[in-house]
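A.B. asks: Input: one structure, supplied below.
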């Protein structure tokens, strides 16, 4: 009995140790030194089968049985010397199988060995990237598998994409003087490796990652900002720390630009990446793009709207060009991702002859028969993500549900022409996609609720300081994106 207790203690006593489990999920020992092939071979021979290696982290013990394994992801040994990405949903249980016998699996995920070549894993509850190392008997080093949790992996190689948008329907020309062709359609070739969130960020994901930033009491005196602050305080109060975030949670629609950048940095730090945004105090008196001599954005002055009220109303945001961490998409990137390979239509549902029913297959709209909200509280409502069809890149909720924050790299033609009416020409960002509430009838804009056909690739809202919206994040892995404009025969 004493020997059994001593062995069990050994499995959990070493700080920073690595633990070894057999195919039955039983701890068979701990090894405190560096992991090497000879050690793995020794342990595998001892337990007569593949081993599971887990680092000393919270919840280190593997799950002996994972329920609802509905998918098997097959990987080939011949391709493992290249970068490998597998897409999974949050909390999803999948089986990963190699085409050869495996010596060892190394991961921090809840997992268990199924047989000589397969491992069952449960994906994390938060969106992000996790890795699994695979060791084979005849290889001295490991091979790495990357799991994109709740994200799409896009390896674009000279992908031809359509950017910009053409003139709005002439039937709307007299209803709003700003609907003119300001960003004409153009083709571009894109080469780059991207990760992009499949869904807009949800309320659960945002609450959990920003937990320590959310106060327990309100501090804002301004009614609008106080209401937004109270929403997040209420969500935190009715949540549990580290609780499971389901895939189809409600979309976060009340996030300020500064908060979305903080969230992006927090995601980067959590995965050991270098944050993309650097925040600096400023005494500037207006929002703007900070550009270099080539008019390219190297930073921004944005509204300092946070979970707590700050003395300064604006903050400077510098871009770390060496970062490969998470960030908001830029205008052309959002256009590329939103189109999902579509180079023909103004919107996923086709041309202006489409019906509201057809549009609702692609966008979660709530049809309204009035032209305005009864209260601000009505604007705060959101619904679960992923209820409609994805686009060609497998991305959900590009239109409808919420508006997404999109940064501008330079003074964009859209805002150069329109900005003189409301804001300076260097305004930092806009809101793309579509809002949840629309009017189905043709009775029109009134400055409040646009007719649903306005929601196309060219549709935008001004991203002025203090406005809250939704967002999704991207990563350009290795900062390897290259954009080349395609010359037409006319040019």
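What follows is calculated from the coordinates using simple rules that are stated; it is not laboratory data. It should be emphasised that the depicted structure is a prediction, and the values quoted were computed from it without experimental measurement. Counting neighbours? That spans all protein chains shown, and the Cβs are built from the backbone with ideal geometry, glycine included.
A.B. asks: Just subtract the alpha-carbon distance of residue 158 and residue 36 from 0.36 nm times their residue separation and send over the number in nm, one decimal. Don't skip to the answer; put the middle values down first.
C.D. replies: Working: separation 122, 0.36 × 122 = 43.92 nm, distance 3.99 nm.
Computed gain between residue 158 and residue 36 is 39.9 nm.
A.B. asks: Right, another one. Grab the Cα-Cα distance for residue 281 and residue 486, subtract it from 0.36 nm times how many residues apart they are, and report the gain in nm with one decimal. Walk me through the numbers on the way to the answer.
C.D. replies: Working: separation 205, 0.36 × 205 = 73.80 nm, distance 4.08 nm.
Result for the pair: 69.7 nm of gain on full extension.
A.B. asks: Additional query: I need the calculated FRET efficiency for the pair residue 26 and residue 82, taking r as the beta carbon distance and R₀ as 45 Å, to the nearest 0.05.
C.D. replies: On the way: r = 34 Å, r/R0 = 0.76.
Calculated value: 0.85.
A.B. asks: Just want the ordering: 485, 404, from fewest to most Cβ atoms lying within 10 Å of their own Cβ.
C.D. replies: Values: 485 11, 404 26.
Fewest to most other Cβ atoms nearby, the residues stand as 485, 404.
A.B. asks: Going by average Cβ density within 10 Å per residue, which order do the peptides 151-160, 199-208, 262-271, 299-308 take, highest to lowest?
C.D. replies: Numbers: 151-160: 16.0, 199-208: 23.3, 262-271: 19.4, 299-308: 21.0.
Result, highest mean first: 199-208, 299-308, 262-271, 151-160.
A.B. asks: Can you tell me the FRET efficiency between residue 309 and residue 131 if r is taken as the Cβ-Cβ distance and R0 is 51 Å, rounded to the nearest 0.05?
C.D. replies: Working from the Cβ atoms, E equals 0.80.
A.B. asks: Taking a point 7 angstrom from the Cα of residue 464 along the C-beta vector, which residues in the stretch 308-349 have backbone N less than 19 Å away?
C.D. replies: Residues 313-315 qualify, since their backbone N sits under 19 Å from the label point.
A.B. asks: Under the 0.36 nm per residue contour assumption, what length would be gained going from the current alpha-carbon distance of residue 246 and residue 222 to full extension? Provide the component values of the computation, followed by the final result.
C.D. replies: Working: separation 24, 0.36 × 24 = 8.64 nm, distance 3.31 nm.
That works out to 5.3 nm of additional length.
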